[in-house]
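What follows is a set of notes on a single structure, which appears directly below.
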């Protein structure tokens, strides 16, 4: 019983440490790309919350999908997500990642991003303002600290379901070994 308590304490420490330095990779596919730079600059200054940009997927903890996705870009998002190291988290910006946004009736627009990769947090709005983005980051940090941001575990556990949804839209998805 003592070992279980100690392992839970260690996990709490690890979760706490993870929230103090998060690197984001922003996949700017739409309007959300406009709202992200002000969030990084001095007025809103997301770096005071321990969040900064990353140069490559292998350095990133958070993948931001900042707009609508076409079937063509979905393939690249999946590759990018799978290149990221665990633990990894996904945030979807605006209504585009939820229901396709203003392109909801297009045959080529992806709706419900969480069918294809796990989304830990959606930020509502079209497009969400920098204040909402910061609030989303704080909410994600809270979820990481409590251990409830576990989309990457869900992806590994339910990989066949995700792969089936991906292939339904994209055809055969080639994986890197």
(request) Multiply the residue gap between residue 49 and residue 108 by 0.36 nm, knock off their C-alpha separation, and tell me the result in nm, one decimal place. (result) 17.6 nm
(request) Write down Rg/Rh for segment 94-177, rounded to two decimals, with Rg from the C-alpha atoms and Rh from the Kirkwood relation over Cα pairs. (result) 1.02
(request) For residue 99 paired with residue 124, estimate the spin-label separation in nm (one decimal), with each label point 7 Å from Cα along the Cα-to-Cβ line. (result) 1.1
(message) With 10 angstrom as the radius, rank 107, 159, 79, 44 by how many other C-beta atoms surround their C-beta, starting from the fewest.
(response) 107, 159, 79, 44
(message) Residues of segment 85-114 with backbone nitrogen within less than 12 Å of a virtual label 7 Å along the Cα-to-Cβ line of residue 23, please, listed as ranges.
(response) 85
(request) Find how many whole Å separate the alpha carbon centroid of segment 93-108 from the alpha carbon centroid of segment 112-177. (result) 16
(request) Any chance you could run the full-extension gain for residue 142 through residue 172? It's 0.36 nm times the residue separation minus the Cα-Cα distance, nm to one decimal. (result) 7.1 nm
(request) Only one of the values [x] 36; [y] 45; [z] 40 was calculated from this structure for percent of Cα pairs over 23 Å apart; name its label. (result) [z]
(message) At R0 = 25 Å, how high is the FRET efficiency between residue 11 and residue 59 if r is their beta carbon distance? Nearest 0.05 is fine.
(response) 0.60
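Bear in mind that the values in this text are calculations on the coordinates, not laboratory data. These figures come from a predicted structure and were not determined experimentally. Glycine gets a Cβ as well: all are built from the backbone with ideal geometry, and neighbour counts include every protein chain shown.
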